[in-house]
Amino acid sequence: WEKGKRKQAELPSRGFGNLWMSYITSISNVIRTKAAIQVAAKRYYGQLFTFPLFGEWVVLTTTKEHVKDQLNAPESILSMEAATEELLQTHHTVGPLFCSETYHIPAIKTALNLNLANKLPDILDEMLLAFNEELNLSEDRWSSLRPTTIFPAIITRVSNRVFVGPKLCRNSKYRKLLNGFSDDIITGGAIIRMVVPGLLRPAVGWLFQLVFGHHRRMTHLLAADITERQRNRETGNAHLNPNDMLTWLMDQPWEGRTEHAPESLAMRMLNVNFVALHTTSRAYIHALYHLVAQPEYVLILRSELETYLDPKNPLAWSKEALARCVNLDSFIKESLRLNVHSAMWMPRLTLTPFEFSDGTIVQPNNFIATAITAVHEDETIYDHATKFDGLRFSKTEGSVGVDLDVGMDATNPLWMQRLTGTSSSYLTFGGGRHICPGRFFASLQIKCLLAFLILRYDMRLADGMRLSDSWLGPVSTPAKRAQVLFRKRGAAVGR
Ligand code: HEM
């Protein structure tokens, strides 16, 4: 209340009435966060406003200028690291190095992105094996599967083929560790933040790490590979090391260090998986739910895919051919426009007073975030903004058949229309200082997996209608219990 009163003096606020109303609104906002943000964004259109949630008064941005200020501010003033640390309490749940060492970012920006075409055959190979082993479907009957169980497991496996290679990505202990990791630390962090007093947090964190031991288990699982690769480096045989994320991390200098301890590499690998798996899995499942809810898109996309990709030989698919599938690209982009991971996106914590370009000052120790649903569902930006239009981004004149992969230039309007293009009105992958460096990998992987699904399987919703996403506070997840029926197509593709 007191904090809100101070904020109210500076900015309009959602739900700031008398003392009791302030608390009641704060609680109701937890139950229907997205709807409450939409109401506030409409009322304070074009302005910054504050929003009470979980005892915080978060400053929300929606306009191009405010979002730009937020995303380009120096880390020492508006910190993503401090916000993540505070929201997830990773200091306690995994360890202080989880957020503070960041040499995985240059490894993704350079090595991973430069190696995408080289790694595509591995992605496709693992995809084929994973679909065969995890789905195991037949041609003569429909099988009901729960996408929220099946596809995160496949995405963990395919992503880790590129991160650590074929042996570990199929290792059941390794996959089990990663499948639970994000949920464990998100839930553990939220509990510690909300109910554990500051003084007790180190003890609770110690207990948490003792029970779950994510870092310890990852160090143990990677130990043999790290030792072998270090030996290769020492004996002048570095060229024998596999071309994967673990090697790229080992090669990445950090604060004058050129050698990393196994514990440090294990922590980076946990971090890479944390940022990669949850996001990619959710994006994939949302797109799949749209596909089965509106089956007319299956035919449109299948026809495009059959034009550019050989259905019988997925191992021969190329990055260039996938880039030509602009309807597929648009379909995924549209799904990500409407299905955000959180209605409060790209949180930052003010470390010093922060001044927006319109002169508004936010005092230290406050959260600033983007009300992404208000931006992505703004009728002045998108026609029929709340309606799913799978071809919205491929309708642009001249986009069909154009090799969009060459247009990596933000001034090229076609680039903005493609999945990995970002702008102040399309913020799924962020923007500015911390723009997602993994979006090219995520996009490539989602396209391969979706193309394969469309070409190889018939699918329909078991319950006949798309189940709504579930929301907990600002965070959204694809309907957990939804079942989808799959059947292998007669003229099946691949092995
Ligand atoms: C659909 C999938 C994905 C989505 C929607 C997504 C979204 C985002 C967003 C919005 C940010 C910026 C966060 C902020 O400004 O607060 C971000 C940052 C980041 N993402 Fe992604 N991401 C995805 C996949 C991936 C993948 C596959 C990787 C790794 C291979 C990755 C690695 C990262 C890293 C390292 C950062 C931090 C960059 C920095 O601090 O400079 N992401 N992501």
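Ligands, DNA and RNA aside, Glu133 has an accessible area near 110 Å² when probed at 1.4 Å.
By the Stokes-Einstein formula, at 0.890 mPa s and 25 °C, the range 89-150 with its Kirkwood radius over alpha-carbon pairs has D equal to 157 µm²/s. Multiplying the residue separation of Arg43 and Glu75 by 0.36 nm and removing their Cα-Cα distance gives an extension gain of 8.4 nm. Largest accessible area first, the residues Arg217, Arg439 order themselves as Arg217, Arg439 under a 1.4 Å probe with ligands, DNA and RNA left out. What the pair-distance distribution of the range 136-212 shows, using all Cα-Cα distances binned every 5 Å from zero, is 3, 12, 17, 15, 13, 14, 12, 7, 3, 2, 1, 0, 0 percent. Computed from point charges on the beta carbon alone (+1 for Lys and Arg, -1 for Asp and Glu), the dipole magnitude for the chain about its Cα centre is near 1140 Debye.
Taking 0.36 nm per residue of sequence separation and removing the Cα-Cα distance, the Arg257/Ser144 pair yields an extension gain of 35.6 nm. Taking every protein chain into account, the 1.4 Å probe leaves Met416 with about 70 Å² of accessible area, to the nearest ten. Within straight-line reach of Lys68, meaning a Cα separation under 14 Å, sit the following aspartates and glutamates at least 8 residues removed in sequence or on another chain: Glu355, Asp358.
Distance from the Cα centroid of the range 139-164 to that of the range 189-220 is 30 Å (rounded to whole angstrom).
Longer than 25 Å from Cα to Cα, which of Lys119/Lys387; Lys167/Lys480; Lys109/Lys319 are they? Say none if no pair is. From Lys119/Lys387; Lys167/Lys480; Lys109/Lys319, over 25 Å: Lys119/Lys387; Lys167/Lys480. Averaging the Cα positions of each part gives two centres, and for the range 423-495 and the range 279-358 these lie 7 Å apart. Among Thr50, Thr477, the sequence by solvent-accessible area, most first, with a 1.4 Å probe is Thr477, Thr50. Charge tally for Glu304 (other residues, Cβ to Cβ under 14 Å; Lys, Arg +1; Asp, Glu -1): 0. Each distinct pair of alpha carbons in the range 187-292 adds a 1/r term; the inverse of their mean, the Kirkwood radius, is 16.7 Å.
Taking amide hydrogens as placed 1.01 Å from N in the peptide plane, the amide H of Val58 sits under 5 Å from those of Phe51, Leu53, each at least 5 positions away in sequence or on another chain. Based on C-alpha pairs under 8 angstrom that are at least 6 apart in sequence, the range 52-201 has a relative contact order of 28 percent.
Using the 1.4 Å probe convention, the accessible area of the range 103-172 works out to 38 Å² per residue with neighbouring protein chains retained.
The Cα center of the range 89-130 and the Cα center of the range 29-79 differ in position by 30 Å.
In terms of overall dimensions, the chain has a Cα radius of gyration and Dmax of 23.0, 71 angstrom. With all protein chains kept in place, the per residue accessible area of the range 340-387 amounts to 42 square angstrom at a probe of 1.4 angstrom. Evaluated over the Cα positions of the range 7-153, the convex hull gives a direction-averaged projected area, one quarter of its surface, of 14.9 nm². In a fully extended conformation the segment linking Glu355 and Glu133 would gain 74.5 nm over its present Cα-Cα distance, using 0.36 nm per residue. Based on the Cβ-Cβ distance of Lys167 and His384, what FRET efficiency does E = 1/(1 + (r/R0)^6) give at R0 = 56 Å, to the nearest 0.05? Efficiency computed from Cβ-Cβ geometry: 0.70. Taking the accessible area of the range 273-346, probe 1.4 Å, and keeping the other protein chains in place, the carbon and sulfur fraction comes to 58%.
Using the alpha carbons alone, the radius of gyration of the range 73-229 stands to its Kirkwood radius in an Rg to Rh ratio of 1.03.
Within the chain, helices built from complete DSSP H runs that reach 30 Å or longer along their own axis (Cα positions) and carry a mean Kyte-Doolittle hydropathy of -1.0 or higher are 172-195, 262-293. From helices alone, the chain scores -15500 deg cm²/dmol at 222 nm; the rule is -39500 (n - 2.57) for each run of n ≥ 4 DSSP H residues, then divide by the residue total. Here each label is just a point 7 Å from Cα along the line to Cβ, and for Glu306 and Glu320 those points are 2.5 nm apart. Per-residue surface analysis assigns Trp471 an accessible area of about 90 Å², computed on protein heavy atoms at 1.4 Å probe radius.
Neighbours of Leu349 by Cβ distance under 9 Å: Lys/Arg scored +1, Asp/Glu scored -1, total -2.
The values are calculated or read from the model by the stated rules, or taken from the named source; none is laboratory data. Worth saying up front: this structure is predicted, and the values here are computed from it rather than measured. When we count neighbours, we look across all protein chains shown, and the Cβ atoms used for this are built from the backbone with ideal geometry, even at glycine. Surface accessibility is based on the protein's heavy atoms, side chains included, excluding ligands, DNA and RNA. Shrake-Rupley method; radii C 1.70, N 1.55, O 1.52, S 1.80 Å.
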